[in-house]
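The values are calculated or read from the model by the stated rules, or taken from the named source; none is laboratory data. The shown structure was predicted, so the numbers you read here are calculated from the model rather than taken from an experiment. Please note: Cβ atoms are built from the backbone with ideal geometry, for glycine as well, and neighbour counts cover all protein chains shown. Heavy atoms of the whole protein, side chains included, go into the accessibility calculation; ligands, DNA and RNA do not. Shrake-Rupley method; radii C 1.70, N 1.55, O 1.52, S 1.80 Å.
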Amino acid sequence: ATLRSTPDATLSQSVADAWQKQLHQVEVQLPNQQLQDAFYASTAYLLMARRENGVYSGPTSERAMWVRDAAYLTDGLIESGQAETVKPILLALRSSQLPSGRLPYATEPSGAPRLPLKTEWDAQGEYIFAITHYVEQTHDQAFLAEMYPSIALAARYQQGLLKGTRIDANLNTPLYGILPAGESAED
């Protein structure tokens with residue numbers, strides 16, 4: 001009833017003011033106004049592409065959260081002054097980590113791993129990057145301490161994958177000590 005009785009112009013201005021405040025956490029001054037506007041529009045798209053428990057490759061296309069996308073999208077959120085929106089995303093990624101230390105390449109909106117688990121090996125490194133970049137920018141040492149066991153577990157998993165290619169059959173070949181072949185172009 002309140003919305004129906006409020007003039008459209010008032011509602012529009014209220015929404016515009018809220019977005020203006022949210023987007024201008026970082027002030028950007030560029031000689032080209034279109035580029036400056038594009039920065040703020042991109043920040044808005046990043047904000048629209050997230051939920052409390054994740055971040056998505058687009059606000060309307062996909063509901064699963066890829067660790068790869070989360071790593072670069074949280075980076076963009078941090079750099080655009082939106083660091084407070086990142087911690088819940090990182091916690092959601094941690095909750096998807098398997099007991100082995102492996103992170104599923106993608107999680108469903110429920111937090112469950114996307115099945116079947118593919119042989120994509122980039123998620124662990126992207127996860128570690130996302131956490132360490134967040135801590136570098138926010139200096140949140142308590143969060144780092146909280147996340148450290150999960151980081152170490154992901155690193156141990158990755159080391160195990162690398163150990164699997166450090167075998168005599170691969171010695172003196174380009175395959176020695178790299179991640180095993182996987183289904184992902186990002187590996």
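Data table
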quantity: Answer from Ala123, Ala142, Ala92, Ala130 - the residue that is more than 17 Å from Asp75 (Cα to Cα) and of a type in the set (A, V, I, L, M); calculated: Ala142
quantity: Qualifying residue in the range 56-66 (condition: within 27 Å of Arg102 (Cβ to Cβ), at pLDDT 90 or above and outside any loop (DSSP other than H, G, I, E, B)); calculated: yes
quantity: Given (1) surrounded by 15 or more Cβ atoms within 10 Å (Cβ to Cβ); (2) out of contact with any strand residue (DSSP E or B) (no Cβ under 7 Å at 6 or more places or on another chain), number of the condition Thr173 does not satisfy; calculated: (1)
quantity: Every residue from the range 74-84 that is free of Cβ contacts under 8 Å to residues at least 40 places away in the same chain and open to solvent by 20 Å² or more (accessible area, probe 1.4 Å); calculated: Gly76, Glu84
quantity: The range 31-66: number of residues that are in contact with a helix residue (DSSP H, G or I) (Cβ under 6 Å, 6 or more places away or on another chain) and exposed (fewer than 13 other Cβ atoms within 10 Å of the Cβ); calculated: 1
quantity: Qualifying residue in the range 91-113 (condition: within 16 Å of Tyr56 (Cα to Cα), open to solvent by 50 Å² or more (accessible area, probe 1.4 Å) and more than 16 Å from the chain's Cα centre (by Cα)); calculated: yes
quantity: The range 114-132: number of residues that are surrounded by fewer than 18 Cβ atoms within 10 Å (Cβ to Cβ) and either touching a residue at least 40 places away in the same chain (Cβ under 8 Å) or in contact with a helix residue (DSSP H, G or I) (Cβ under 7 Å, 6 or more places away or on another chain) (or both); calculated: 4
quantity: Hits in the range 21-30 (condition: in a helix (DSSP H, G or I) and open to solvent by less than 30 Å² (accessible area, probe 1.4 Å)); calculated: Leu23
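Here is a yes/no grid of residues against (1) surrounded by 15 or more Cβ atoms within 10 Å (Cβ to Cβ); (2) modelled with pLDDT of 95 or more; (3) under 27 Å from Leu91 (Cβ atoms):
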{"site": "Asp140", "(1), (2), (3)": "yes, yes, yes"}
{"site": "Leu144", "(1), (2), (3)": "yes, yes, yes"}
{"site": "Pro149", "(1), (2), (3)": "no, yes, yes"}
{"site": "Leu153", "(1), (2), (3)": "yes, yes, yes"}
{"site": "Gln158", "(1), (2), (3)": "yes, yes, yes"}
{"site": "Gly164", "(1), (2), (3)": "no, no, no"}
{"site": "Leu179", "(1), (2), (3)": "yes, no, yes"}
